[in-house]
Amino acid sequence: MTRRTTQVAGLCYLFSSLCIPPVWAQETPFQCRPLTCSTLTPTASVDDETTNDCAYRAGNLWWVDYVAGSLAWSNRKAVRPVIVAVFDDGAFIDHEDIRNQLWTNEAEAHGKAGVDDDGNGYVDDVHGWDFVENSPDVSPKGECRSRISHGTFMASLVAAERNNGVGIAAPGSDGARLMILRVVGCNRGVDDDANPERLARALDYATRMGARILSFSAHWNATTPELDRAFSEIADRQDAPHPAIVVASVPNKGEPAAGYPAAYTFHRIVRAIPIGNDDMISPGTSVAPPGLNLGAPSACVIGAGSSPDHYRVEQGSSNSTAILSGLLAGIWASPPYAKLTTDEFLARVVRARMAESPRRSKPGSRTPYLDGVPLADACLLETGRRKARVCPQPGSQREPGP
């Protein structure tokens, strides 16, 4: 296999950042001051008045309210948090908005250092695994340490801690736990390619260790039979021992095809369609196959940068994927749905409710977007007491129970 075939393309490392001074150069961190960087920012206030994260209080987490993410928050600890595996370049797990949101392999956390305490073939894999260097250290390496870590940013959009008084919150704050899987590097060398064998091992690890949502803010243009089988086993096989929902990025940089894993037509694939200004599908969005295609915000999104307290504003289809992954986790972990199996959740919540949402993007310019796409939201969690401004006909989205 050639390197061109195995190399992952479109990890969106080269975000178009806004011209905002670095955090250290400001008296007040920019995430805590109201920002105007997109016509998408709809709120001067917030939907959840009890949440104290400064970016949310400043109205800068417009994307949380845009997907009614606050409806997935609860003062009660989730009985069964949904593990979201983030396939990326690693993450700074000591970041203030991430460190308390991690999945923990309890056998390794309370075991002996240097010993494979749970016998899964990975030694000391407390919060995930680095499949590039075969190490339990999931932090970004090489160039990723001195510039934006894509994986750190994505992890924060999935599950940034809520009500810790700083930074941001995410739709999956209360219901998601982060499994960090480093599958690519940043040094642009052969060893940094996300090759199929490495991805297949990471898929097997994630699902065996309990991940129910696999978040891919990335795409690649070619595949192999081995990788096809690995995804099929997880995302299509009816009697799969470890089924999971694959949330796949659909690129918006003019690529003619969506790339993998979005190009798969497996029934457990949910694609994130990037939504830009004025509820429009982002220009240059690739054609996605028919299926579970849900619009999620892509522009003017604040997330975690480098440890311990830096934040950035970025844009791109990667954001849409992480936001959708966190939203699905938050809904799935909520009391009405926490006991549903993977296929039950897909059928009764994602397909029957979210994909049928009356909230839609504006029509796109080409098939399959001519009628727009349903906008991902948590409005199905709305009740007479808990509402979100974006939900149509307040109170009509009440859930009678599964």
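Descriptive notes on the structure:
- When the residues of the range 233-261 are filtered to those that are under 20 Å from ILE83 (Cα atoms) and open to solvent by 30 Å² or more (accessible area, probe 1.4 Å), the one that is nearest to the chain's Cα centre (by Cα) is PRO243.
- So ILE93, is it under 22 Å from PHE153 (Cβ atoms), open to solvent by 30 Å² or more (accessible area, probe 1.4 Å) and among the hydrophobic types (A, V, I, L, M, F, W, C): yes
- If you go through the range 270-280 and keep only what is surrounded by fewer than 24 Cβ atoms within 10 Å (Cβ to Cβ) and either at pLDDT 95 or above or under 27 Å from VAL82 (Cβ atoms) (or both), you end up with nothing.
- For the range 290-331, filtering for residues that are surrounded by fewer than 24 Cβ atoms within 10 Å (Cβ to Cβ) and free of Cβ contacts under 8 Å to residues at least 60 places away in the same chain leaves 1.
- Residue list for the range 349-391, restricted to those being surrounded by 17 or more Cβ atoms within 10 Å (Cβ to Cβ) and not in a loop (DSSP other than H, G, I, E, B): VAL349, VAL350, MET354, ALA355, PRO374, LEU375, CYS379, LEU380, LEU381
- Residue match in the range 297-317 (condition: polar (S, T, N, Q), under 15 Å from the mean Cα position of the chain (by Cα), within 19 Å of SER215 (Cβ to Cβ) and modelled with pLDDT of 95 or more): no
- Pair list, Cβ under 7 Å, 6 or more apart: the range 128-156 residue assigned to a strand (DSSP E or B), other residue among the aromatic types (Phe, Trp, Tyr) and open to solvent by less than 20 Å² (accessible area, probe 1.4 Å): TRP129/TYR205
The values are calculated or read from the model by the stated rules, or taken from the named source; none is laboratory data. This one's a predicted model, so the numbers in the text were calculated from it and none came from an experiment. We place every Cβ from the backbone using ideal geometry, glycine too, and count neighbours over all the protein chains shown. We work out accessible area using only protein heavy atoms, side chains counted, and drop any ligands, DNA or RNA first. Shrake-Rupley method; radii C 1.70, N 1.55, O 1.52, S 1.80 Å.
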